[in-house]
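The values are calculated or read from the model by the stated rules, or taken from the named source; none is laboratory data. Bear in mind that the values here come from a model prediction, so they are computed numbers and not experimental data. In this analysis, Cβ positions are derived from the backbone assuming ideal geometry, glycine residues included, and neighbour counts consider all displayed protein chains.
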Amino acid sequence: MSEEHKQPLQSSLRVQELIYGLRISEVMTSKVFAVSRNCTMRDVQTIMKNNSITGVPVVDSKRVVGIVTMNDLMNALEQGAMEQNVTRWMVGEVQTLAEDMPLSFAISAFGKFSFRQFPVVNKKNELTGILTFRNINHALIRELSRQLRQMEQQSEQPVEPASLNLSKVYQLHRYDFENGGKASSEIKKFLKERGVPPKLVRRVAVASYELEINLVAHSIGGMLGFDINENRVKISSHDRGPGIEDTEKALTQGYSTANEWIRSQGFGAGMGLPNVKRVSDEFAIESAVGMGTMVQSIIYLKSEKENENQ
Amino acid sequence: MELQRIAYALDAELICGPDDWEKINIETVFASDLMSDVLMSDRDEMLMVTSLSTEQSIRSAGIVGSEAIVIANDKTVTEGMIELAKDQDIALFCTRHPKFESCVRLGRIMEV
């Protein structure tokens, strides 16, 4: 396959990676219609009808206590109970999403639960928005057009062979140990050819390699994105699950959940994430059980002093 | 120390390597079957000795700057490993000696 044929795949992966990295708060609908406990099903019907929406959260001093969906409304209608309180018909124990979670977690949640919308809450557990498939589609279209514009601009400018600018995304599959490591080899080569000092190349290679191994050994699959410019290398890893229960523990040297098979491959000693953190100038991890894990590692190519001087 | 001398001391068989592999200078050695440990290393590990015969051994060695790798204990080397070693310009060897024995032999010749 020629490079030309490979490009659409790479750009679609990039779009996926970009929307994975967005925060839920950047994508959700912030104008939420909610009702309080003492509202009736008729009130909900009016709200749904007037605003063309299919789900209304029920709140008690800003906390989500339930949600009334189109389904609940139809049930109430069938029973002629439209004047009854929403608390009798709503679904309690609502699955909410935190507004600062990466969008990839929400995408996993849509896959895992059969809900069509998720109420979004802030750190204080107060309702701040609602997330539907439509929001995700909009975000996708927005990123696609942005990507398209960028590609058009790039094709107008000839690429300098020595340029350090690179965005690339790799897809990794569960237990695919044979391909785990390809990304870091390629990136290592790219940096080496452009005269990046060996010590820095090594730190980038270690971080990306450990993250690749994590994706194939521990996740059900995910992607590894590289965003490189002359100042820094940014590596982002997104996976679709299973998520880490205790990220603090996962960053403890020697703590591992690896099975025998992973260990037989020479890994699973509980050094992966601590090692990524060790070689990174900036490091961040977020995880939610059942939704996924996001790790970001930044390695400066110029010392901070040089960055400041610019 | 020249790689040629090391290969001789380990009764190692060359699987693939750059043209002038004999002259490669080796000053540091790392022996491990745990790639996580290899990747934690801070210095350049010019030679890696391992009985883990997988593609990941070659990749890990490449990351820590190895110029040669010895697979101990008479393990089978796969085509994929050879490809990777060639791609990264790493000399790949095999020895019938177990890892401990290989390290003892290395220790004897590297001690001044």
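Brief remarks on what is shown
- Residues located in the stretch A:77-124, provided they are in contact with a Pro (Cβ under 6 Å, 6 or more places away or on another chain) and part of a strand (DSSP E or B): A:P119
- Across the stretch B:93-103, the number of residues qualifying as farther than 24 Å from A:I262 by Cβ and either within 14 Å of chain A (Cβ to nearest Cβ) or of a type in the set (A, V, I, L, M, F, W, C) (or both) comes to 4.
- Whether a residue is closer than 21 Å to A:D60 by Cα, under 17 Å from the mean Cα position of the chain (by Cα), surrounded by 15 or more Cβ atoms within 10 Å (Cβ to Cβ) and assigned by TED's automatic domain parsing to the domain that holds A:T40 was assessed, and A:V86 does not pass this test.
- Flag if A:I244 is under 27 Å from A:A109 (Cβ atoms) and either more than 14 Å from every other protein chain (Cβ to nearest Cβ) or within 23 Å of the chain's Cα centre (by Cα) (or both): yes
- B:A61 under 20 Å from A:A207 (Cα atoms) and touching a residue at least 24 places away in the same chain (Cβ under 8 Å): yes
- Hits in the stretch A:220-240 - residues which are small (G, A, S) and buried (at least 22 other Cβ atoms within 10 Å of the Cβ): A:G222, A:G225, A:S236, A:S237
- Of all residues making up the stretch A:6-48, the number that are in contact (Cβ under 8 Å) with a residue 60 or more places away in the chain and under 21 Å from the mean Cα position of the chain (by Cα): 20
- Scan of the stretch A:82-105 for residues that are touching a Phe, Trp or Tyr at 6+ places or on another chain (Cβ under 7 Å) and among the small types (G, A, S), ordered by number: A:S104
- Hits in the stretch B:36-58 (condition: hydrophobic (A, V, I, L, M, F, W, C) and either within 16 Å of B:L14 (Cβ to Cβ) or without any contact (Cβ under 8 Å) to a residue 12 or more places away in the chain (or both)): B:M40, B:L47, B:M48, B:V49, B:I58
- Of the candidates A:L127, A:L131, the single residue that is in contact with a Phe, Trp or Tyr (Cβ under 7 Å, 6 or more places away or on another chain), touching a residue at least 12 places away in the same chain (Cβ under 8 Å), of a type in the set (A, V, I, L, M) and outside any helix (DSSP H, G or I) is A:L131.
- Checking A:S208 against (1) closer than 26 Å to B:D42 by Cβ; (2) surrounded by fewer than 20 Cβ atoms within 10 Å (Cβ to Cβ), the condition it does not meet: (2)
- Among residues of the stretch A:238-270, those that are touching a residue at least 60 places away in the same chain (Cβ under 8 Å) and in contact with an Asp or Glu (Cβ under 8 Å, 6 or more places away or on another chain), counted: 1
- Among the residues of the stretch A:197-228, those identified as closer than 12 Å to A:I299 by Cβ and away from chain B (no Cβ under 14 Å) are A:F226, A:D227, A:I228.
- For A:K189, the conditions (1) within 11 Å of chain B (Cβ to nearest Cβ); (2) part of a loop (DSSP other than H, G, I, E, B); (3) loosely packed, with under 15 Cβ neighbours inside 10 Å are fulfilled apart from (2).
- Counting only helices (runs of 4 or more DSSP H) wholly contained in the stretch A:202-293, the ones carrying 1 or more residues that are more than 21 Å from A:D176 (Cα to Cα), in contact with a strand residue (DSSP E or B) (Cβ under 6 Å, 6 or more places away or on another chain) and at pLDDT 95 or above occupy A:272-279.
- In the stretch A:146-168, the residues that are surrounded by 11 or more Cβ atoms within 10 Å (Cβ to Cβ) and assigned to a helix (DSSP H, G or I): A:R146, A:Q147, A:L148, A:Q150, A:M151, A:Q154
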